[in-house]
Each structure stands twice: as structure tokens, then as C-alpha cells.
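The values are calculated or read from the model by the stated rules, or taken from the named source; none is laboratory data. Quick caveat, the model's predicted, so the values are computed rather than measured. Glycine also receives a Cβ, built like all others from the backbone with ideal geometry; neighbour counts cover every protein chain displayed.
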């Protein structure tokens, strides 16, 4: 065992691993630094495997663009403290650059690719960072887009957005500003589609059916002529109590009518409405009401149809805002798509009950 404190410090600087772990590795390697590095890596892999089952829902969205292609990556960790670590953020950015350079087909290909501006693979780079921070790290997903794109990172890496455009004004500052504003809209409003044209006929049919079912199951939302028919049928069939019938007769023109009805009456009215679904679907008044509600939903889920949140800049929808900037520049600008990644999206986080944990420790 032939090594000094300087050797321990040098190993620590090389690997980022704690002093005691470095000293133990040098002892095991009889002072051979390269062998000690391998020992640390092997132990790190074993430790990493043990921690792989821990929930990693924090992290960072990394972004990179070279002007011709752009990428977002989601790199997860266990705590927001690590997610805000400069090395962690630098790694996510380097992986995003690797996506643009290597054009991987999937996550496995990305992990096997040599990391940008480095000599190790992406997977090895993640493991090296794990040796320093000792948290479960997970490269969860990435997105790659070709052509002109404008990026926006919100909340220090909590959300990442890329919006792609066909334009002849990519080099103009006003275009970049507009693109960032649209990307901020995507981050804030989380649209599902670019425009109604991107919603398939099957999806529109499903949306319509859900809207119809929801409306019939909530008779207070029915158009008044249809609602009157539902009440008339329920009353004629003796399905409502005398108290509910009296309340209806007294409050039928009150917009808060349903506040005066029993829960039983509401359930009966919904039952009657649903039973006559085919009749109401063919009714022009009902059909127009459903069309109006679907159009409202489309304005909420389609980016170009959404009201532009920066009303201080433009009054209207996002598509109108883009058109106004194009007109002002005398240029052609068409939004062609977007990608939005939010860290931990869809991952069920573990809720720690520290009081219960401490109580169990003192039993």
C-alpha cells in the first residue's frame, strides 16, 4: 500500500467521489490509481443498481440547437437539490447536444453514444455523476426536431419547449422574440395539438361523444328547450316527487333552478336525458350546443386557436399573433409543430411522512 494524501486528493479530483471512498479504493488497489478508478466504478454500478428502484421525479430538461436541428432531454434525479446542481444541468445539456450530433434512434442508442465533447458514453457519463451525488439518475426521454426551431426553458429546467417554423425570417430578432413568446405559450397552456387539422376524425368523434354524454348526464347544462322536454317527460311519467315538481314550476325560469331540486331529481333527469340520447342528438338545437362546446374545447387544446396569453402584445389567438409578426416583417412564418417536456411528468412521486417515520424509529 504505497500512496499519499496527495494521491487520495488526486483521485477525488479525477472522479468527484468522496475522500473516504477514494482512500478505501486506493487501499484495495495497493496504490494503483487506475485500478482504484475501476474499483470505484464497479462499486458505483452496484450501488447505482440498488438505488434504481427509488423514485426519480425531479431533474432537469436540457436543450441544445445547432440551427439545423434541436433537442430536448429529460434527465431525472431524486431531489430538486440535485436537479439544480450545475454539474447535473451541464450533463443534461451535453446529452441534448449528443442527441443533435448522434441522431440516436432510441434511448438505448443515445446511452451507447459517445457524449458530446467527451470520450465516454452517455451512460458512463451518467454513472460518473452518480458516483459523485449518490442519487438515482434516469435518462427518461428525448425529442429531436429538424429545421428552424425556437426553444424556451421555464423554471430553470422544469419545462422545456421547442416550436418549429417554416420561415424566411429565421435570422431576424423579431422572429426570435415571436418564437420565444409562442414557446412560452406552449409552456404555460400545454396545448395538445398544433391546430384542428392535426386532430383525427376518430379523435373528433370521440370528443363529440364524450361531450354529448357529459351534457346529457348534467341536465342543468342542457339548452333550455331540451331541458324542458326532459322535465316534461319525467313529470308525465311520475318520476319526480311533488316537492321537486313544485320547485320546478316555481323556479323554471331561474338560472339557478337546479339549486332548488333534490339530488334524486337530478339523477332522474339525467337518466331520462341519457335514455333519449338518439332523439336529442338529431335535434338541431342540441347539436348546435354540442358544436359550440367542442369549438370551445378546440380553442383550449390547439395551440394556434388558443387566445394569446400576451394580450399586451396582441389581442387574438396565437395563429393571429404569428400572422401579425409575419406581416410586420414582410416575411413568411408558419408554425409547423411543437414539443413540450416537463420534468417528472406522469411519474408518481412518493409522499414522505416524516412524522410517521420518526415515530416508527422511537418505538
Within the range 42-69, track down each residue that is touching a helix residue (DSSP H, G or I) at 6+ places or on another chain (Cβ under 7 Å) and at pLDDT below 75.
44, 45, 48
Qualifying positions in the range 298-315 - in a helix (DSSP H, G or I) and surrounded by fewer than 16 Cβ atoms within 10 Å (Cβ to Cβ)
299, 300
Consider residue 286 carefully, then state whether it is touching a strand residue (DSSP E or B) at 6+ places or on another chain (Cβ under 9 Å), surrounded by 15 or more Cβ atoms within 10 Å (Cβ to Cβ) and in contact (Cβ under 8 Å) with a residue 24 or more places away in the chain.
no
Pairs, first within 24 Å of residue 165 (Cβ to Cβ) in the range 191-208, second assigned to a loop (DSSP other than H, G, I, E, B), C-beta under 7 Å, six or more apart
191/306; 193/199
The range 83-109, subset farther than 14 Å from residue 121 by Cα and crowded, with 23+ Cβ neighbours inside 10 Å, residue modelled with the highest pLDDT:
88
Would the range 137-151 turn up any residue that is at pLDDT 95 or above, surrounded by fewer than 18 Cβ atoms within 10 Å (Cβ to Cβ) and closer than 30 Å to residue 330 by Cα?
yes
